[in-house]
1. I'd like to verify a number: residues in the range 7-35 that are over 16 Å from Gln52 (Cα atoms) and either acidic (Asp, Glu) or out of contact with any Cys (no Cβ under 9 Å at 6 or more places or on another chain) (or both), how many?
2. Which members of the range 41-60 meet the condition of being charged (D, E, K, R) and either in contact with a Phe, Trp or Tyr (Cβ under 7 Å, 6 or more places away or on another chain) or under 14 Å from Ala15 (Cα atoms) (or both)?
3. Are any of the residues in the range 59-74 hydroxyl-bearing (Ser, Thr, Tyr), in a loop (DSSP other than H, G, I, E, B) and surrounded by 14 or more Cβ atoms within 10 Å (Cβ to Cβ)?
4. In the range 5-39, what residues are within 19 Å of Thr69 (Cβ to Cβ) and in a loop (DSSP other than H, G, I, E, B)?
Amino acid sequence: MPAEKQGYGFRLATAEKALLNTLYKIRGISPTKQGVIDLIYADLRLNQECLQELDWETMADLAPLCISTTIHNFIKWREEL
């Protein structure tokens with residue numbers, strides 16, 4: 001029986017929150033611009049169109065809540081991604 005029919009619910013994260021959660025969980029990424037670029041395009045297989053559709057204002061607001069060098073650098077270098 002599906003969880004919804006049993007009275008349980010679930011929440012879906014926005015694309016922005018899901019990406020930040022993923023970046024938060026990944027360890028061992030080079031703290032360089034190239035390291036972040038490789039992570040986004042090669043490892044996570046995101047493309048520029050996908051990145052352009054994100055709400056960067058929301059991501060910038062959420063980023064300080066995550067103590068992560070990867071997230072900090074991702075937000076810092078977003079213009080160059």
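1. Of all residues in the range 7-35, those over 16 Å from Gln52 (Cα atoms) come to 7-13, 21-35.
Retained after the next criterion (residues that are either acidic (Asp, Glu) or out of contact with any Cys (no Cβ under 9 Å at 6 or more places or on another chain) (or both)): 7-13, 22, 25-35.
Qualifying residue count, the range 7-35: 19.
2. Kept after step one, since they are charged (D, E, K, R), are these residues of the range 41-60: 43, 45, 49, 53, 55, 57.
Once the filter is applied, which keeps residues that are charged (D, E, K, R) and either in contact with a Phe, Trp or Tyr (Cβ under 7 Å, 6 or more places away or on another chain) or under 14 Å from Ala15 (Cα atoms) (or both), the range 41-60 yields Glu49, Glu53, Asp55, Glu57.
3. Going through the range 59-74, the residues hydroxyl-bearing (Ser, Thr, Tyr) turn out to be 68-70.
So of that shortlist, the ones also in a loop (DSSP other than H, G, I, E, B) come out as 68.
Of the ones still in play, those that are also surrounded by 14 or more Cβ atoms within 10 Å (Cβ to Cβ) are 68.
There is at least one residue in the range 59-74 that is hydroxyl-bearing (Ser, Thr, Tyr), in a loop (DSSP other than H, G, I, E, B) and surrounded by 14 or more Cβ atoms within 10 Å (Cβ to Cβ).
4. If the condition is that a residue be within 19 Å of Thr69 (Cβ to Cβ) and in a loop (DSSP other than H, G, I, E, B), then Ile26, Arg27, Gly28, Ile29, Ser30, Pro31, Thr32 are the ones that fit.
Yes or no, residue by residue, for (1) free of Cβ contacts under 8 Å to residues at least 24 places away in the same chain; (2) not polar (S, T, N, Q):
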site	(1), (2)
Ala13	yes, yes
Glu16	no, yes
Thr22	yes, no
Ser30	yes, no
Leu39	no, yes
Gln48	no, no
Gln52	yes, no
Ala60	yes, yes
Pro64	yes, yes
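No lab work stands behind these numbers, since they all come straight from the coordinates. These numbers come from a predicted model, not from an experiment. No Cβ is skipped: glycine too gets one built from the backbone with ideal geometry, and neighbour counts run over all protein chains shown.
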